[in-house]
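Here's the structure, in structure tokens; my notes come after.
Just so it is clear, none of the values below were taken in a lab; they were calculated from the coordinates. Quantities reported herein were computed from a predicted structural model and do not represent experimental measurements. Cβ: placed from backbone, ideal geometry, glycine included. Neighbour counts: every protein chain shown.
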Amino acid sequence: MPLRQTAELRALEPTPVPSVRSRCADLIDTLADGCRLGRDGLVTLITSATAADQEHARRRAVAVAHEHFGNRVFVRGLIEFSNHCRQDCLYCGIRKGNRAVERYRLDAEQILRCCAQGYSLGYRTFVLQSGEDAWYTTDVVVDIVSRIRAAYPDCAITLSIGERGREAYQRFLDAGADRFLLRHETATADHYAQLHPPSQQLATRLRCLADLKEIGFQTGAGFMVGSPFQTPEHLAADLALLAELRPHMVGIGPFLPHRSTPFGDRSAGSVDLTLFLLSLVRLMLPTVLLPSTTALGTARPGAREQGIQAGANVLMLNLSPQDQRAKYLLYDGKSVSGEVAEMTHAVQRSLERIGYTMVVDRGDHPEVAR
Ligand code: SAH
């Protein structure tokens with residue numbers, strides 16, 4: 001555009017009034033330009049972004065996701081293979097202290113059957129998730145991973161089984177596991193202590209994350225939005241930790257109460273804030289694998305699709321046997337019905353409606369894709 005015309009147009013625009021709105025838009029643009037924000041900037045975004053700012057972040061995040069992944073969404077087949085847990089996270093429905101849970105375990109054969117069904121429907125990543133169940137010793141996990149690896153050489157194997165030693169993690173990797181999800185839950189030690197018993201320490205969690213990343217796992221961190229006692233400063237610390245750690249995957253979902261936990265009467269985390277944080281994470285880590293989580297979809301119908309439209313690029317669908325699903329309740333309200341093929345096709349259609357395609361692909365992080 002010729003200079004003169006620009007000047008003329010500028011003259012027609014109202015004089016910009018410095019405001020929190022423009023400050024947030026600037027901060028969002030700073031993130032989008034690849035710069036890191038300090039704590040104050042992050043807190044400002046979390047506390048002061050208007051709906052218009054959030055929309056600005058969303059558009060920029062979608063553009064970044066599109067640049068790296070096009071309109072492709074990766075699906076993962078989630079296999080919840082045990083709800084036994086030695087840990088006692090105050091927010092979690094399958095915590096050790098919840099005597100009301102009917103506990104179950106799947107053996108290697110049952111897990112492999114879930115994989116077979118998933119494979120036939122196009123799943124090329126299997127996410128094995130459980131409580132922290134010592135019945136699955138290092139050897140048992142190695143056996144399960146090796147068998148999946150042998151049967152499905154073209155698939156990625158993700159573990160989400162909690163805290164173990166570095167040697168155990170190394171053996172899982174050697175057996176053929178590719179990825180490991182271990183949300184840090186909150187990056188602030190005092191807040192961590194409000195969500196967990198004293199036997200569980202943030203330092204342990206962070207040590208595990210560092211080990212996983214160092215030995216070569218595609219590593220996932222993450223946190224809940226709106227967990228009890230959470231402040232904007234806590235969330236800013238969570239984002240700062242992600243910027244520092246640069247995980248390959250980030251899991252973010254709203255906290256949802258489970259009635260037989262100490263936080264049963266707390267209110268759920270905000271869906272809109274979760275969506276905004278998804279956009280910010282996409283801007284901070286442009287190539288990150290970012291699921292639009294089950295918790296998000298549970299909190300509000302349609303929110304899982306909105307997560308994709310906020311910059312997420314992964315969906316995890318449940319391949320667990322239908323008769324066990326109701327027992328793996330981390331929070332109330334989780335959908336447990338639905339036949340796997342039907343559910344897969346329904347999600348495929350809902351993605352197509354918003355202009356995305358579900359891809360049959362391992363969907364590795366671009367930096368490690370082989
Ligand atoms: N035991 C494994 C994984 C199972 S829990 C581990 O420790 O990593 C998976 C995730 O679910 C947790 O990391 C937590 O962030 C989330 N979660 C647990 N309870 C929840 C709740 N009440 N609301 C929302 N998310 C919850």
In whole angstrom, the spacing between the Cα centers of segment 325-370 and segment 163-212 equals 25
Nearest 5 is fine: what % of DSSP beta bridges in the chain come out antiparallel, could you say?
5
When only alpha-carbon atoms count, how far does segment 71-359 stretch along each of its three principal axes, as whole angstroms with the largest first?
46, 44, 38
Could you pull out the longest piece of the chain with no exposed loop GluC sites (Glu not before Pro) in it, calling a site exposed if DSSP puts it outside H, G, I, E, B and it has at most 11 other Cβ atoms within 10 Å?
103-338
Ordered by residue, what ³J(HN,Hα) values in Hz, to whole numbers, does segment 150-157 give under the Karplus form 6.51 cos²θ - 1.76 cosθ + 1.60, where θ = phi - 60° and Gly and Pro are x?
5, 6, 10, x, 8, 10, 8, 10
Spelling it out for ALA156: with amide H atoms placed in the peptide plane at 1.01 Å from N, the residues 5 or more places away or on another chain with amide H under 5 Å from its amide H are THR125, PHE126
Would you mind getting the Kirkwood hydrodynamic radius of segment 259-360 from its Cα pairs, rounded to one decimal in Å?
14.9
Pairwise centroid distance, computed over Cα atoms, of segment 64-93 with segment 40-55, Å
26
Specify the angular offset, from 0 to 90 degrees and rounded to the nearest 10, of the alpha carbon long axis of helix 202-215 from the longest principal axis of the alpha carbons in the chain.
90
On a 0 to 90° scale, report how tilted helix 340-353 is relative to the longest principal axis of the chain, with both axes built from alpha carbons and the result rounded to the nearest 10.
10
Give the cysteines in the chain for which no other Cys Cβ lies under 4.7 Å away, or write none if there are none.
CYS24, CYS35, CYS85, CYS114, CYS115, CYS155, CYS208
Most fluctuating residue given options VAL314, VAL288, VAL360, as computed from a GNM of the chain linking Cα atoms under 10 Å:
VAL360
Connecting C-alpha atoms closer than 10 Å in a GNM of the chain, tell me which of GLY251, GLY70, GLY269 has the biggest fluctuation.
GLY70
Using only DSSP helix segments of four residues or longer, with each worth -39500 (n - 2.57), what per-residue ellipticity at 222 nm results for the chain after dividing by its residue count and rounding to 500?
-14000 deg cm²/dmol
For the residues THR137, THR188, what sequence is obtained by ranking on other C-beta atoms within 10 Å, fewest first?
THR137, THR188
What's the angle, to the nearest 10 degrees (0 to 90), between helix 20-32's Cα axis and the longest principal axis of the chain?
60
First select every other residue whose beta carbon is under 12 angstrom from the beta carbon of VAL250; then total the charges, Lys and Arg +1, Asp and Glu -1.
+2
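Note down the net charge around THR188, summing +1 for each Lys or Arg and -1 for each Asp or Glu among other residues with Cβ under 11 Å from its Cβ. Intermediate values should be presented prior to the final figure.
Details: positive: none; negative: GLU185, ASP190, GLU233, ASP238.
Every neighbour counted, the sum reads -4.
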Near LEU209, within a Cβ-to-Cβ distance under 14 Å, what is the net charge of the other residues, with Lys and Arg +1 and Asp and Glu -1?
+2
